[in-house]
Amino acid sequence: MIRFDELGGRRLPSTDSPTPEPKVIPSVMLAHGGGGQLTDELITGRILPKIGNEILNDLLDAAVMDPLHGRIAMTIDSYVVQPWRFPGGDIGRLAVSGTINDLAVSGAKPAGLALAMILAEGFPMADLDAIMDSIAATAKEAGVRIITGDTKVVGRGQADGIYLITAGVGRVPSRRNVGPKEVKEGHVLVINGPIGEHGLAVMLAREMPDVQSVVKSDVAPLNGLIDEALDVGGAAVAFMRDPTRGGVAGLCADLARQCGHRVILNESAIQIRPEARHAADMLGLDPLEVANEGKVVLAIAPRAVDRVVAAMKSHPLGKYTAVIGSIGEPMPPASAICELRTTIGGRRIVQKPYGEQLPRIC
């Protein structure tokens, strides 16, 4: 049926016609970053349904939070890993976990995250949906909300498809002090499981995509595990850090220099899964220098080691927790070293890697 405007004689659409189906857009377009209707559709149709909450849904220029009493910790990081999906995780899980872990190892309880996305024109919407699902699931696992964010779109072929930037804020409870300056001679070094798996999983996925491997990234948010350790260890937990780029080697070399003590690692106590060791041998890498994204190293006063280790082992992310070393005598900070006691009784100095062994692992 055709209708006409009685005054102007213009042809009007029939009210009997069915409503046209919305156009399905299979990939990101430059216009999605223009701030117009397509930007609104991207945010309200694909982002908010995944990670929305009463703060984020207002889409204000800044998130307004309830006051955090006491000391505040804040961190920010960017994620450019390629490929964006790898065995055991993806860029979304990595971005949320990495920022939460940086807050947690500082002694803070994460209160909220900011998320910025840089998307390249042509990035498949289905892949974006998968990443948003991963972000939502990881944030829920950690009990932390995304409370503000930003989205930009760049030209086709730029940004390797997608880059993520996450910032986090948290509250540090009173009298909680963790850091290299708190480390003393006799403190014990503990880690929550086998090392090297994240960097190796990413490297294999990028450089040898046709190789079938059982190595999976360990990427995970560690704030729950760290809370368990701090609840039972209290002030006896002197230091925490996640051994990401540079691995355990880089972390312990830094710790020696920063605390001014010899750091001693026992090679026989450091767990490396057989498949990870095989992958490292194949790639010519030292597992001690390979990045981890689901591990934390703690320095603990001897009086609390047993109960902290027991508490960590009771958590799903800490069931392989082990003592891997100790803090030795004071040394001049400029010459303080990390020393590895080898399985055959030898000793070697562990140095921080000169460059980046595995580019683009986070």
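Here Ala108, Ala116 are screened, and the one residue that is more than 28 Å from Met208 (Cβ to Cβ) and either free of Cβ contacts under 8 Å to residues at least 60 places away in the same chain or of a type in the set (Phe, Trp, Tyr) (or both) is Ala116. Please determine whether any residue of the stretch 86-102 is assigned to a loop (DSSP other than H, G, I, E, B), aromatic (Phe, Trp, Tyr) and not assigned by TED's automatic domain parsing to the domain that holds Lys216. No, the stretch 86-102 has no match at all. Scanning the stretch 287-334 for residues that are exposed (fewer than 14 other Cβ atoms within 10 Å of the Cβ) and under 17 Å from Leu251 (Cα atoms) turns up Pro333, Ala334. Counted as qualifying within the stretch 137-236 are the strands (runs of 3 or more DSSP E) with 3 or more residues that are touching a helix residue (DSSP H, G or I) at 6+ places or on another chain (Cβ under 6 Å) and assigned by TED's automatic domain parsing to the domain that holds Leu113, namely 146-154, 162-172. Given the structure, is Gly122 outside any helix (DSSP H, G or I), out of contact with any His (no Cβ under 7 Å at 6 or more places or on another chain) and closer than 30 Å to His32 by Cα? So Gly122 fits the description; yes. Taking first residues from the stretch 54-70 that are on the phi > 0 side of the Ramachandran plot and partners that are surrounded by fewer than 10 Cβ atoms within 10 Å (Cβ to Cβ), the Cβ contacts under 6 Å between residues at least 6 apart in sequence or on separate chains come to Gly70/Ser174.
With respect to the conditions (1) in a strand (DSSP E or B); (2) more than 23 Å from Asp58 (Cβ to Cβ), Leu115 falls short on a single one, namely (2).
Filter the stretch 121-139 down to the residues that are small (Gly, Ala, Ser) and out of contact with any Lys or Arg (no Cβ under 6 Å at 6 or more places or on another chain), then identify the one that is surrounded by the fewest Cβ atoms within 10 Å (Cβ to Cβ). So the residue we want is Ala126.
The values are calculated or read from the model by the stated rules, or taken from the named source; none is laboratory data. Source: prediction; values computed, not measured. All Cβ positions, glycine included, derive from the backbone under ideal geometry; neighbour counts span all protein chains shown.
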